[in-house]
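Engineer: Pasting a structure below so you can have a look.
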Amino acid sequence: MLFLLSLIPRAMWNNITFCSICKLSPNSAPLLLPRLLTLNHVFKGKCKGFFSNSKQSTQTLQNEGQKRTCSMLPSRLVSSKAKYRRCAKTYPVLDGRVLSLYRHVFEENLRNSEAVVKRYSELLELVSKGGGENAILRHTQRNKKLFVRERLKLLLDDESFLELSPLAGLNMPYGDVPAAGCLTGIGKICGVWCVFTANDATVKGGTIYPIGVKKQLRAQEIAMQNRLLSVYLVDSGGAFLPLQSELFPDRSHGGRVFYNEAIMSAMKIPQVAVVCGSCVAGGAYVPTMAEEAVIIDKIGTLFLAGPPLVKAATGEYVSPEDLGGAKLHSKVSGCSDHFASSEKEAYECVRNVISTLNYEPLPDEVTEHDGPLYSSDELLGLAPRDYRCTLPVKLILSRLLDGSRFQEFKADYGTTLVTGFGHVEGHLVGVVANNGELTHDASLKGSHFVQLCSHRSIPILFFQNTAPHAAEPTSISQAEAHSNRLKAQASMMAAVACAAVPKITVVIGGCYGSESYVMCGRSFSPNFLFLWPNARVALVDSRHLTAVPQAGDSDSTDESELKHLKQRLEEESSAFYSSARLWDDGIILPQNTRKVIAQCLQIIQQQKYQVIPPCQHPVIRM
Ligand code: COA
């Protein structure tokens, strides 16, 4: 594992990786070391210590667990004298010991985790290089611009940020588009959480691909749903012309970004843009629709058609600077509101603009809380390789919740769904977690519990590991059970869709068919949705396919056709395939899950501190 972590380049330590979330400085190495050693231990299969024969009492276990957690976690996460104002210390403690009878499954999961984590690290390394070394050289040496990740360092507070969907755009039908050509995420500026969208001009001049449009629209959706102000770093040649038909005319195509900018402004969500490169055509509208824009001298240009087009149309040569440079837009056209003589000055200017927004940063109070009693590194052995390797979900919860404490709801009813309350870094949450097939009873219980959370304004965490189903019932009684289950699932779907509270979904195993909707899949608009790298996302599990469905009565049993279809299904259901297409907000490592969830809960909370006066119109620029 040390080897694997060494594969992750420094630049990516500000990713949704383990290191970013813990925000490790070189000085934190001693804190990191025990965790790495444990992980190393886990990967090497030396896990004897945490397999249990269940004879130990929960109290002993709790004491041991507490000691162990204290020695492993960075000290700020562990409370010595906790203020249990809201974090009920009396919630029962989950028994998170992994029984020896689960050992072989645990080890099988671990082997799989090792492979997928390695692939994850390799892909992250690939995208951290943007359009590649030559393109970076051209960008930094010839065009004298900062690489997009350097820009973010200057823009954001010196704290960890949450990068969204870094693997979007890989292996698309039209080729690899690293990070979809633009970085998006949520970070703090002057203490306020902001969504950023930053073009990476090393990827085909920052031009917008269909997947890039999707990524920008998702960032805006997050900004609207969570009321986060937005910053755009624009360095883009506009539409990637060879794919114009997939980018231009439709509702969710490029124009929607500009439409959203107006709607967001009317919603009183401020937006600031920096013209930090060439902003041509579509790229030019983003800053001109923003509420305030900064342009950088000799680097930023803004026009609908560049010098080559002017030459073709009029025969006249005009330099980019004269056609749409910083001086022109600051002094003549008024398209830009602030002139910056360097990149550094521009990001300082944005930080100043943000401090004029009269936006309240989150209060600095940190609720003290306990860490879980069990090591989060062991989640790698609990992350199911496939559905057959699923272990009881409470083992996972005991590694995510504060003090491994959980106030379970309807513990003995509909046990294939676990519901209850707990805390994540001091935030009260409702938990809905698959623990087997989503039966009739489990769905009714889920529906009841989700409504409770909604009534009490408690954010809900969904841990999704849905069971793949055989396509058809084989008897009348089975058909009856199916239709009853369907009715109960429909009731839970309605409860989930209408619950007016923040929802965060983590796919910890399978995301199959209709149960994924019930468990707040992407189409049910959770505020955030993340996948573990072992996750499988598909309508059906390839192993359940016994024939190729055909029109008419008979299905084809052609062996080679079936094999081909299964292979395709298998490929298309990997977490990497999903994340490349932006069906989620990114892959997170199991051992980072608690940190990512806590960060999202904090981000979501920001809207509590905003005063939102009625306002029906956007800021219309001159
Ligand atoms: N569509 C498709 N590819 C484009 C593109 C576009 N709109 N704009 C640039 N590219 C490609 C270039 O062909 C080049 O590809 P390559 O690396 O395979 O050779 C790559 O992006 C980088 O372009 P390059 O011109 O070498 O980089 P640069 O940093 O010097 O300039 C731009 C970048 C965007 C300023 C410049 O390419 C440009 O002006 N492009 C035209 C923009 C335009 O007219 N857009 C209209 C959209 S409606």
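Engineer: State whether region 467-596 is rounded, prolate or oblate according to the following rule on the C-alpha gyration tensor (a ≥ b ≥ c being the square roots of its eigenvalues): a/c under 1.5 gives rounded; otherwise a/b larger than b/c gives prolate, and the remaining case gives oblate.
Structural biologist: Oblate is the answer for region 467-596, as a/c is 1.5 or above yet b/c matches or exceeds a/b.
Engineer: Going 7 Å from the Cα of residue 332 toward and past its Cβ, which residues in region 246-280 have a backbone nitrogen under 19 Å from where you end up?
Structural biologist: 275, 277-280
Engineer: Using a 7 Å offset from Cα along Cα-Cβ at residue 248, what residues in region 270-292 end up with backbone N under 17 Å from the label point?
Structural biologist: The answer is 280-285, whose backbone nitrogens lie closer than 17 Å to the label point.
Engineer: Work out the FRET efficiency for residue 241 and residue 319 from their Cβ-Cβ distance, taking R0 = 22 Å, and round it to the nearest 0.05.
Structural biologist: Efficiency at R0 = 22 Å is approximately 0.40.
Engineer: Suppose the chain between residue 478 and residue 558 were pulled fully straight at 0.36 nm per residue; how much longer would it get relative to their current alpha carbon spacing?
Structural biologist: That pair, residue 478 and residue 558, stretches by 26.0 nm at full extension.
Engineer: Less than 14 Å Cβ to Cβ from residue 479, Lys/Arg counted +1 and Asp/Glu -1: what total charge do the surrounding residues give?
Structural biologist: Summing Lys and Arg as +1 and Asp and Glu as -1 gives 0.
Engineer: So for region 470-579, taking the charge dipole from beta-carbon charges (+1 Lys/Arg, -1 Asp/Glu), which of 505, 569, 537 sits furthest toward the positive end?
Structural biologist: Comparing the listed Cα positions along the dipole, 505 ranks first.
Engineer: If you don't mind, there's one more thing I want to ask. Quick one: order 532, 583, 193 by neighbouring beta-carbon count within 10 Å, fewest to most. List each step's numbers first, then the result.
Structural biologist: Working: 532 29, 583 20, 193 26.
Placing the least packed residue first, the sequence is 583, 193, 532.
Engineer: Also, quick follow-up: Could you work out how far apart the two model spin labels at residue 267 and residue 386 are, taking each label as a point 7 Å from the Cα in the direction of the beta carbon, and quote it in nm?
Structural biologist: 4.1
Engineer: In what order do 207, 546 fall by count of nearby beta-carbon atoms within 10 Å, going from fewest to most?
Structural biologist: 546, 207
Engineer: Using 0.36 nm per residue of separation minus the Cα-Cα distance, give me the extension gain between residue 498 and residue 134 in nm, one decimal. Walk me through the numbers before you get to the answer.
Structural biologist: Details: separation 364, 0.36 × 364 = 131.04 nm, distance 4.97 nm.
Stretched out fully, the residue 498 to residue 134 stretch lengthens by 126.1 nm.
Engineer: Which of the aspartates and glutamates could a cross-linker bridge to residue 298, judged by Cα under 20 Å and excluding same-chain residues fewer than eight apart?
Structural biologist: 150, 200, 235, 321, 322, 337, 343, 345, 348
Engineer: While we're here: How much net charge surrounds residue 273 when only other residues with a Cβ under 12 Å from its Cβ are counted (Lys, Arg +1; Asp, Glu -1)?
Structural biologist: Summing Lys/Arg as +1 and Asp/Glu as -1 gives -4.
Engineer: Note down the nm distance, to one decimal, between modelled labels 7 Å out along Cα→Cβ at residue 412 and at residue 605.
Structural biologist: 3.7
Engineer: Given labels modelled 7 Å from the Cα in the Cβ direction, how far is it in nm from residue 567 to residue 362?
Structural biologist: Calculated label separation equals 4.8 nm.
Engineer: Now a separate question. Can you check what the net charge comes to around residue 200, using other residues whose Cβ is under 12 Å from the Cβ of residue 200 (Lys, Arg +1; Asp, Glu -1)?
Structural biologist: On the way: positive: 129, 145, 149, 151, 204, 215; negative: 150, 235.
Around residue 200, the charge tally is +4.
Engineer: Please tell me which of these pairs span more than 32 angstrom C-alpha to C-alpha: 268/344; 268/445; 118/445?
Structural biologist: 268/445; 118/445
Engineer: What percent do you get for the relative contact order of region 329-435 when only Cα pairs under 8 Å and 6+ apart count? Before the final figure, lay out each step's value.
Structural biologist: Details: 118 pairs, mean separation 20.3, N = 107.
Answer for region 329-435 is 19 percent.
Engineer: At R0 = 30 Å, how high is the FRET efficiency between residue 352 and residue 305 if r is their beta carbon distance? Nearest 0.05 is fine. Don't jump to the answer; show the numbers that get you there.
Structural biologist: Working: r = 33 Å, r/R0 = 1.09.
That gives a FRET efficiency of 0.40.
Engineer: Right, here's the next one. Could you list 140, 202 in order of exposure, starting from the residue whose Cβ has the fewest other Cβ atoms within 10 Å?
Structural biologist: Working: 140 14, 202 26.
Taking fewest neighbouring Cβ atoms as first place, the list is 140, 202.
Engineer: R0 = 30 Å: FRET efficiency of residue 174 with residue 142, Cβ-based, nearest 0.05?
Structural biologist: Result of the calculation: an efficiency of 0.70.
Just so you know, all these numbers are worked out from the coordinates, no wet-lab data involved. Keep in mind that what you see is a predicted model, and the values were worked out from it rather than measured. A quick note on method: Cβ atoms are made from the backbone with ideal geometry, for glycine too, and the neighbour counts reach across all protein chains shown.
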